[in-house]
Amino acid sequence: MVSAVFHHPVETATPVVVSPSPTASASAPKEARPMSPTPSMPYDWRGFWLRVLPPVMGLGLLIGLWAIVSISTASAIPSPLETFKQAVDVFSDPFYRKGPNDQGVGWNVLFSLQRVALGFGLAAAVGIPAGFLIGRFEFLSRMFNPLISLLRPVSPLAWLPIGLLVFKGANPAAIWTIFICSIWPMIINTAVGVQRVPQDYMNVARVLKLSEWKIFTKILFPSVLPYMLTGVRLAVGTAWLVIVAAEMLTGGVGIGFWVWDEWNNLNVKNIIIAIFVIGIVGLLLEYALVKIATAFTFDEVKS
């Protein structure tokens with residue numbers, strides 16, 4: 001193995017110079033002059049603007065198109081300025097309560113996140129182990145693949161009446177809908193990851209006579225982790241999309257119900273605010289999941 005040590009060119013170009021002063025040599029041993037401070041690298045302004053300018057331009061384009069649509073519809077669609085003023089009023093007290101069906105946007109978002117967490121957690125508890133088993137054993141793969149292919153394309157909202165019929169309540173029916181729409185990405189991605197583990201790894205495990213637990217912890221889990229995390233990310237995005245539609249149909253408290261209630265009140269400004277809230281919460285969920293995945297992913301598979 002060959003190793004090499006690379007030095008910064010500025011450091012190698014600045015040698016230590018011994019002071020030639022005769023007085024210094026007479027009174028004390030020769031000392032090395034301190035090196036001149038390394039010149040600081042110029043700030044990468046081009047990289048900064050490439051990171052900042054495109055998102056700002058995209059946001060400006062959205063606001064510009066929004067303003068044009070507002071003008072062309074004779075203010076039927078509120079302008080960005082009017083919506084911003086309404087947003088300031090809405091978020092000045094996001095956690096007020098004036099009754100079971102009149103609560104601030106903060107409470108509605110929290111209730112929606114609670115339903116998503118319950119439905120997604122149940123889906124992860126069932127889907128990830130099922131994906132490992134389906135990917136590991138060919139018999140189970142042949143058994144469940146037709147069922148998954150049949151049920152996966154069904155619209156999540158088609159499962160909502162079944163949930164209402166079985167659970168006799170809007171809240172468990174919404175959680176059931178989140179569960180059924182979140183489970184498929186985790187099963188499929190986990191199973192695909194298991195099936196793509198190099199056969200050489202499994203041959204070595206067979207030669208060493210490793211137990212199934214050792215195979216899972218030492219071979220399958222590290223190899224499948226990137227696929228599993230991809231399935232989790234897809235499932236979270238799907239769950240957050242579906243809960244809005246489910247709450248529109250079931251009512252109660254939630255961001256979807258808030259959107260529908262504001263439509264019944266013909267309050268378009270609050271509908272637009274809710275759209276941005278849904279998008280921002282979804283973005284934060286994605287960002288948090290990426291951070292968690294990076295923290296718990298092996299170095300070899302970190303992105």
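Scanning the stretch 136-143 turns up one or more residues that are in contact with a helix residue (DSSP H, G or I) (Cβ under 7 Å, 6 or more places away or on another chain) and modelled with pLDDT under 90. Put simply, of 130, 74 the only residue that is aliphatic (A, V, I, L, M) and modelled with pLDDT of 90 or more is 130.
Restricting 149, 141 to those that are loosely packed, with under 12 Cβ neighbours inside 10 Å and among the hydroxyl-bearing types (Ser, Thr, Tyr) reduces the list to 149. Taking the condition among the hydrophobic types (A, V, I, L, M, F, W, C) and under 20 Å from residue 128 (Cα atoms), does residue 204 pass? Against the criterion (among the hydrophobic types (A, V, I, L, M, F, W, C) and under 20 Å from residue 128 (Cα atoms)), residue 204 does not qualify.
All conditions but one from (1) in contact with a Pro (Cβ under 9 Å, 6 or more places away or on another chain); (2) at pLDDT 85 or above apply to residue 30; the one that does not is (2).
Just one of 97, 136, 115 is buried (at least 17 other Cβ atoms within 10 Å of the Cβ), among the charged types (D, E, K, R) and over 23 Å from residue 245 (Cβ atoms); which is it? Give the steps one after another, and end with the answer.
Details: 97 fails: buried (at least 17 other Cβ atoms within 10 Å of the Cβ); 115 fails: over 23 Å from residue 245 (Cβ atoms).
Unique residue meeting the criteria: 136.
Any chance you could count how many residues in the stretch 125-179 are basic (Lys, Arg) and under 28 Å from residue 114 (Cβ atoms)? Lay out the reasoning, then the answer.
The initial filter retains those residues of the stretch 125-179 that are basic (Lys, Arg), namely 136, 142, 152, 168.
Cutting the leftovers down to under 28 Å from residue 114 (Cβ atoms) gives us 152, 168.
Within the stretch 125-179, residues that are basic (Lys, Arg) and under 28 Å from residue 114 (Cβ atoms) number 2.
Give me the pairs, please: first residue somewhere in the stretch 119-133 and free of Cβ contacts under 8 Å to residues at least 12 places away in the same chain, second residue anywhere and of a type in the set (A, V, I, L, M, F, W, C), beta-carbon distance under 8 Å, and either six or more positions apart or on two chains. Note: pairs meeting the criteria are 133/140.
Listed here are the residues, each with its yes/no results for (1) of a type in the set (Asp, Glu); (2) in a helix (DSSP H, G or I); (3) surrounded by 14 or more Cβ atoms within 10 Å (Cβ to Cβ).
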| position | (1), (2), (3) |
| --- | --- |
| 154 | no, no, no |
| 158 | no, yes, no |
| 163 | no, yes, yes |
| 172 | no, yes, yes |
| 179 | no, yes, yes |
| 184 | no, yes, yes |
| 190 | no, yes, yes |
| 197 | no, no, yes |
| 204 | no, yes, no |
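The values are calculated or read from the model by the stated rules, or taken from the named source; none is laboratory data. It should be emphasised that the depicted structure is a prediction, and the values quoted were computed from it without experimental measurement. So basically every Cβ, Gly included, is an ideal-geometry build from the backbone, and we count neighbours across all protein chains shown.
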